[in-house]
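Written out below as structure tokens is the structure these notes cover.
The values are calculated or read from the model by the stated rules, or taken from the named source; none is laboratory data. Please read these numbers as outputs of a predicted model, since none were measured by experiment. Backbone-built Cβ (ideal geometry, glycine too); neighbour counts: all protein chains shown.
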Amino acid sequence: MAKKYNIENNRLVKTDAENAAVYLYTAPDAREQKFLTDNFDIDEHTVASALDPEEIARIEFRPSYAVMIFKRPKNYSSKDRLGFKVASMGMFLYENKIVVVLSDDIPLFDGKRFESVAGVQEVFLKIIYNAIWHYLEHLRVITLISEQIENKMTESTDNKYLLNLLSLEKSLVYYVNAITSNGFVLNRALSLSQKLWLNEDQKEILEDIIVENNQCQKQAEIGYDILALLIEARANVINNNLNILIKKLTTITICLMLPSLVVALFSMNVRIPLAEHPHAFLIICILAALSVLGIIMFWKYKKW
């Protein structure tokens, strides 16, 4: 799906004109990919890289444009089952236009940052800024979810909650790798800002973006470390709870076994003491109760 925008009065406006300032291609089909290669001098491999979620972030420079493959977080849905994933985004920046290629449809130009744009270079920078903000939002959500799971695990030995934490930990591994690789790309873009047609003000914006990305990276790393420690601690807690449960069950089993043994001894088909005693039943019940009381006292004495 293709969309085109022009910049009018510092705002992005959809257009059907043949020449536009901003071209947005979402999951382009074969015909649209051929249009990209024929009209924008973009090779097929680079277009495929922009759609490949496994592609490494990078920046390259061609005679008439610059290519940036940037890692962004995918929109989360319930079917992902606490798995936060990363996708690739291709941005092809020319001096007077920009082509953006995405694998899935997202509200790319929504938000306050796009209420005012001065040129395609600023559109380029704000797309990056929004992607970093999206990471930060997901990191906050992951923190909230992990706290909720932690509260549920306090009173449960169910493996479901531990598996949920493992899914979140896996997501943070992907996020840390993606944000780190984005950081290398942004630093290289700053050092070669003249090839991106950035003025001094836009270079300052890029420097701010790099600072935000570094903070995002630190937050993701801290979140991963905390989650890893939490998983290890909760696994130990689950094992400890299981040991306590087994201990209680063992105590109950022993308390039931001893009176059963007493009763079994007096119910054998041989002549035994008290066989003719008028209060034999009551005496046997008392002996069975005393055996339970004895094992309880012994258990407390040993502080088991």
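Observations on the model:
- Residues that are touching a Phe, Trp or Tyr at 6+ places or on another chain (Cβ under 7 Å), in a strand (DSSP E or B) and farther than 18 Å from LEU93 by Cα, drawn from the stretch 1-54: VAL13, LYS14
- Test result for LYS71, surrounded by 18 or more Cβ atoms within 10 Å (Cβ to Cβ), basic (Lys, Arg) and not in a helix (DSSP H, G or I): yes
- Enumeration of residues in the stretch 209-238 that are within 23 Å of ARG188 (Cβ to Cβ) and either of a type in the set (D, E, K, R) or free of Cβ contacts under 8 Å to residues at least 24 places away in the same chain (or both): VAL211, GLU212, GLN215, LYS218, GLU221
- Conditions (1) in contact with a helix residue (DSSP H, G or I) (Cβ under 9 Å, 6 or more places away or on another chain); (2) more than 20 Å from ILE69 (Cβ to Cβ); number of the one not met by GLU200: (1)
- Boolean, SER181 is polar (S, T, N, Q), in contact (Cβ under 8 Å) with a residue 40 or more places away in the chain, closer than 30 Å to ASN96 by Cβ and part of a helix (DSSP H, G or I): yes
- Checking each residue of the stretch 11-33 against the condition of being closer than 21 Å to SER116 by Cα, surrounded by 14 or more Cβ atoms within 10 Å (Cβ to Cβ), free of Cβ contacts under 8 Å to residues at least 40 places away in the same chain and not aromatic (Phe, Trp, Tyr) gives at least one match.
- So ASN159, is it assigned by TED's automatic domain parsing to the domain that holds ARG58 and within 27 Å of ILE244 (Cβ to Cβ): yes
- Subset of the stretch 1-31 [among the charged types (D, E, K, R) and over 26 Å from ALA178 (Cβ atoms)]: LYS4, GLU8, ARG11, LYS14, ASP16, GLU18, ASP29, ARG31
- Only one of the numbered conditions (1) at pLDDT below 85; (2) touching a Lys or Arg at 6+ places or on another chain (Cβ under 9 Å); (3) not polar (S, T, N, Q) is not met by ILE231, and that is (2).
- Only residues that are polar (S, T, N, Q) and without any contact (Cβ under 8 Å) to a residue 40 or more places away in the chain were counted in the stretch 160-172, giving 0.
- ILE205 being among the β-branched types (Val, Ile, Thr), under 22 Å from GLU60 (Cβ atoms) and touching a Gly at 6+ places or on another chain (Cβ under 8 Å): no
- Screening ILE209, ILE244, ILE226 for residues that are among the hydrophobic types (A, V, I, L, M, F, W, C) and surrounded by fewer than 13 Cβ atoms within 10 Å (Cβ to Cβ) leaves exactly one candidate, ILE244.
- Flag if ASN182 is of a type in the set (S, T, N, Q), assigned by TED's automatic domain parsing to the domain that holds VAL211 and at pLDDT 95 or above: yes
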